[in-house]
Amino acid sequence: QIVGDDLFVTNLERLKIGFLNISANSILIKLNQIGTVTETLEVIKFAKLIGYKTIISHRSGDSEDTFIADFAVGTDSNQIKTGSLARSERVSKYNQLLRIEQELGKKSKMHILN
């Protein structure tokens, strides 16, 4: 997996250029990086269209808000990047994913990588 982070910066035009140059095969999505949720959704939609994996990521200095966990599930993202279980603002996202998995039951498709 080759992840375009700073190369794409959650920007549709940069993702298109990177795709044409075969620069990566996945994209790190940071919600507050491009400007709006709508723009972020457009980037995710295009990434999936071209076969890229999507990884929803927190930003440094993040809070305990769990929206990115909901967003990752709601956009059927392949992964979430929120760091180790060392700090409460990170644990809160994983706990939300567990609650979502419990609510979805057999419909959920959460995969834990070792």
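Evaluate region 101-110: report whether one residue or more is touching a residue at least 12 places away in the same chain (Cβ under 8 Å) and either of a type in the set (Gly, Ala, Ser) or in a loop (DSSP other than H, G, I, E, B) (or both). Scanning region 101-110, I find at least one residue that is touching a residue at least 12 places away in the same chain (Cβ under 8 Å) and either of a type in the set (Gly, Ala, Ser) or in a loop (DSSP other than H, G, I, E, B) (or both), so the answer is yes.
I'd like the full set of residues that are within 15 Å of the chain's Cα centre (by Cα) and aliphatic (A, V, I, L, M), limited to region 1-11.
Narrowing region 1-11 to residues within 15 Å of the chain's Cα centre (by Cα): 1-6, 8-11.
Within region 1-11, 2, 3, 9 meet the criteria.
Residues that are under 10 Å from the mean Cα position of the chain (by Cα), closer than 23 Å to residue 1 by Cβ and buried (at least 17 other Cβ atoms within 10 Å of the Cβ): does region 82-103 have at least one? Checking region 82-103: at least one residue is under 10 Å from the mean Cα position of the chain (by Cα), closer than 23 Å to residue 1 by Cβ and buried (at least 17 other Cβ atoms within 10 Å of the Cβ). With respect to the stated conditions, residue 29 fails to be surrounded by 20 or more Cβ atoms within 10 Å (Cβ to Cβ) and in contact with a Lys or Arg (Cβ under 6 Å, 6 or more places away or on another chain). Every listed requirement among (1) over 21 Å from residue 107 (Cα atoms); (2) under 12 Å from the mean Cα position of the chain (by Cα); (3) of a type in the set (Val, Ile, Thr); (4) at pLDDT below 95 is met by residue 22 save one, (2). Scanning region 73-88 for residues that are of a type in the set (A, V, I, L, M) and either in a strand (DSSP E or B) or over 18 Å from residue 62 (Cα atoms) (or both) yields 73, 80.
The values are calculated or read from the model by the stated rules, or taken from the named source; none is laboratory data. Predicted, not measured: the structure shown is a model, and the values here were computed from it. Note that each Cβ is placed from the backbone with ideal geometry, even for glycine, and that neighbours are counted across all protein chains shown.
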